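Inspection log for the structure reproduced underneath, given as structure tokens.
The values are calculated or read from the model by the stated rules, or taken from the named source; none is laboratory data. Model, not experiment: these values are computed from the prediction. Here the Cβ positions follow ideal geometry from the backbone for every residue, glycine too, while neighbour counts run over all protein chains shown.
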Amino acid sequence: MAIDIEVGARREVCDTSTGLYQRQRGFFTQVYESGGPTPWPSTEPTPAVSRLAHLLKRRKGGGRVLDLGCGEGRHTLLFAKAGLFTVGLDYLAAPLRTVSQRAGEKCLTPRIRLLLGDALVPPLKPGSFDALVDSGVFHHLKKADWPLYLDRVLGLVRPGGYFHLTVFSTKFKHYPGERRTRNWLVHRNHYDRFFVKHDFAGIFGHQYEILAIEEEREGLNGFFHVLMRKAPEPR
């Protein structure tokens, strides 16, 4: 049984970077609609995110998870399989259709809700998730839009809930021998930002406790996987 794809807010983020974001959307649309394999993992979950799924299953025996920019659902399906109700949000319909098909094949449709919408205008209630997973959205946002992310996106996590972030590290290379003189660039019509370990405390530390930072390095790939927990409500 297929999952109906709900349409959330259609508003765009209206600032000077909107043109770039439109070109970026065009890049991802072309990748997904080409019919070929994506340049990023499509089916296998990140080991660090798998550990979070196990943690949530063991500690809560249930809960609600938001997979932000879910793509073709490798993490959406992971959390649903672990017994967690999972919302997959993406701004492109093509990958969401793939999630729907894969969920039906795995009999996971009752645990999944799919939303078509903008990550910075999430059509969701604040404080309604026990965990939020972002594997590849934040590092495509310009710094000017970080306040929107910190408010609108991270506001979706309940007090005491978890936030797992995967972003490019400065070790990431698009091709062998790539040289950069700054921590961001526009590559093939999409914006990429690169991080070092101490960045996360400065960006997220006032809202979240950083529990673990793992650095992945293999070939041209370089990523940070960061697990954080939102401060609980004061008693």
Exercise. Among the numbered conditions (1) assigned to a loop (DSSP other than H, G, I, E, B); (2) over 30 Å from LEU84 (Cα atoms); (3) touching a residue at least 40 places away in the same chain (Cβ under 8 Å), tell me where ARG179 comes up short.
Key: (3)
Quiz item: Considering the stretch 72-96 alone, what residues qualify as being more than 18 Å from PHE163 (Cα to Cα) and not in a helix (DSSP H, G or I)?
Solution: GLU72, GLY83, TYR91, LEU92
Self-check item: So PRO45, is it surrounded by 15 or more Cβ atoms within 10 Å (Cβ to Cβ) and either aliphatic (A, V, I, L, M) or assigned to a loop (DSSP other than H, G, I, E, B) (or both)
Solution: yes
Practice problem: Please name all residue pairs, on different chains or six or more residues apart, with Cβ atoms under 6 Å, provided the first residue is in the stretch 210-233 and is over 19 Å from PHE138 (Cα atoms) and the second residue is surrounded by fewer than 13 Cβ atoms within 10 Å (Cβ to Cβ). | Solution: PRO232/PRO159; PRO232/GLY160; GLU233/PRO159
Exercise. Take the stretch 93-123 and flag every residue that is hydrophobic (A, V, I, L, M, F, W, C), surrounded by 18 or more Cβ atoms within 10 Å (Cβ to Cβ) and modelled with pLDDT under 95.
Key: ALA119, LEU120
Exercise. For the stretch 132-153, name all the residues that are touching a Phe, Trp or Tyr at 6+ places or on another chain (Cβ under 7 Å) and either farther than 18 Å from PRO45 by Cα or assigned to a helix (DSSP H, G or I) (or both).
Key: PHE138, HIS139, HIS140, LEU141, LYS142, TYR149
